[in-house]
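The values are calculated or read from the model by the stated rules, or taken from the named source; none is laboratory data. Everything quoted here is computed from the prediction, not taken from an experiment. Note: ideal-geometry Cβ built from the backbone for every residue, glycine included; neighbour counts use all protein chains shown. The area values use the complete protein model at the heavy-atom level, side chains included, leaving out ligands, DNA and RNA. Shrake-Rupley method; radii C 1.70, N 1.55, O 1.52, S 1.80 Å.
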Amino acid sequence: MTLSELLPSLGCEAADQLEPGLWPQRTQLGEGGELLFAGAPVSHLAARFGTPAYLIDEAQVRDAARAYRHALPEAEVAFASKSLCTRAVLRWIAEEGLSLDTCSAGEIAVARAVGFPAERILLHGNAKTPEDVKAALEYGVGRIVLDSLDEIEQLGSVAHNAQRVLIRVTPGVSGETHEAITTGTEGQKFGFSLRSDVRDNVDRAVAAVLAQPSLRLVGMHCHIGSQVSRVDRYEEAARRMIEVLVHVRETHGVTLGELDLGGGHAVPYVNSDASFDLDGYAQRLRVALAYECSSHDFPLPRLTIEPGRAIVGAAGITVYRVCAVKRGTRTFVAVDGGMSDNARPSLYGAQYTARLVGRRTKAARTPMTIVGRHCESGDVLAAGIRLPDDIHAGDLIAVPCTGAYHHALASNYNLVGRPPLVSVREGNATLLVPRETEEDLLRRC
Ligand SMILES: *Cc1c(COP(=O)(O)O)cnc(C)c1O
């Protein structure tokens, strides 16, 4: 039995604290159970913009971008736009001096719409379409990351001006994360394998690029996965990648000056999640690269890293309204959103926490399951969440850590309009993306 179960009133107080590290830094508890998000009362934002709504703390996104630049001033930090791609967000990213990872003509179009400097853009993808490549070449993106022999030939025939390219390899390092977001190991679709028996794959790719006068090979890329908290996984990837650069020098006689180690840095969603030690990562990566380079007498390459989630994930929350509470062997709290605005629980079994917002209550807390409105029993947003027993229809619930891969992964399932994205800064809210209307939906039906 926990202390809060023994002393229900104390339990209320304890439950009223925000779990440290999970809520955006500028989120605070206000009077009467109010939650202040970057200075704005969440219940006011819910009334003004409706629910569900995605809220994002602009200052926290900028802080995270600065923290990366501060921790690794010698590196190029490219924000993975797939995690949250809107014009305003890309403007903040550009203003903070970061570069940008894209993987489609659509993402390039958003970057272009805000005048994101083309030389600071990278294009990724294991199946780039002719439209993606056309958009990249027209805008003049700095680098294209090659993922297959087919692509090398296709790009070689249309590129111009010695397009700078990197080759993506699979370093055989596991990020020890969910299978669907593991990308650095054998047997998944990305990159050229480094396994010894197929190593000539990489050699063939290098030779193919060097044979294309329209392409200029500048470096190697890898991305070991997402939601990776172990810094030693990155050290290992860095060592292996330097070996690749050394091998390319020996075999092909070219010394490549760029190393892109991808992103994937973890963000805690629930108390039991490990967080990512950015300063430890920076220091240990620096030492590993310096050691490996000096032992092979190889010049230190220019480093690029590609965080997405770690820049925007913890800066966002989602606000829902409770539609119904069903009590039985389990208590279900059904809200007005679900898997259409948060696909991660159903895609990867992701876990979340949540809290009641906007009113204070002395009711005891019991574990409840927060479910969405969609026609699937797997539409569960969060399970085992201790919510007050008097929770009822009309209450507001907030879920933290929804800045990355929420707006980006949202769907229209059940023809539910996607939620708005609202940025808040010093108490002032700005509607970045409006809620989808029936008119929007009818254009596709
Ligand atoms: C998804 C992806 C990233 C960003 O991953 P996060 O987990 O959001 O940091 C970076 N680089 C590549 C190539 C990716 O596919």
Solvent-accessible area, 1.4 Å probe, carbon plus sulfur percent, for the chain:
50
Gaussian network model of the chain, Cα springs within a sub-10 Å range: biggest mean-square fluctuation belongs to which of LEU215, LEU431, LEU72?
LEU431
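Would you kindly calculate the translational diffusion coefficient of the range 58-311, applying Stokes-Einstein with the Kirkwood radius from alpha carbon pairs, for 10 °C and a viscosity of 1.306 mPa s, and quote it in µm² s⁻¹ without decimals?
Numbers: Rh = 18.3 Å.
The estimated diffusion coefficient comes to 87 µm²/s.
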What does the extension gain come out to for THR366 and GLN188, with contour length at 0.36 nm per residue minus their alpha carbon separation?
59.9 nm
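Between THR329 and GLN25, what is the FRET efficiency for a Förster distance of 35 Å, r being their Cβ-Cβ separation, to the nearest 0.05?
Once rounded, the FRET efficiency stands at 0.35.
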What does the highest-first list of 103-109, 244-250 look like by mean Cβ count within 10 Å?
103-109, 244-250
Percent of alpha-carbon pairs separated by more than 14 Å within the range 36-85
65
How many nm is it between the label spots at HIS296 and CYS375, if each spot is 7 Å from the Cα in line with the beta carbon?
5.6
At 0.36 nm per residue, and after removing the present C-alpha to C-alpha distance, how many nm does the segment from ASN271 to LEU409 gain when stretched out fully?
47.3 nm
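When all alpha-carbon pairs of the chain are counted, what percent fall beyond 29 Å? Could the numbers behind the result be given before it?
On the way: 49106 of 98790 pairs.
When all Cα pairs of the chain are counted, 50 percent exceed 29 Å.
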Output ³J(HN,Hα) for the range 167-174: one whole-Hz value per residue in order, computed from phi by the Karplus curve 6.51 cos²θ - 1.76 cosθ + 1.60 with θ = phi - 60°, and x for Gly and Pro.
10, 8, 10, 9, x, x, 10, 8
Percent of Cα-Cα pairs per 5 Å bin, from 0 to the last occupied bin, for the range 298-421, please list those.
2, 10, 20, 23, 17, 11, 6, 3, 2, 2, 2, 1, 1, 0
First measure r as the distance between the Cβ atoms of VAL287 and GLU438, then evaluate 1/(1 + (r/R0)^6) with R0 = 41 Å and state the FRET efficiency to the nearest 0.05.
0.10
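Packing-wise, with mean Cβ within 10 Å as the measure, how do 263-273, 312-322 rank, highest first? Numbers along the way, then the final one.
Values: 263-273: 19.5, 312-322: 26.3.
Packing proxy ranking, top to bottom: 312-322, 263-273.
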For the residue pair GLU426 and HIS247, what label-to-label distance in nm results when each label sits 7 Å from Cα along the Cα-to-beta-carbon direction?
5.3
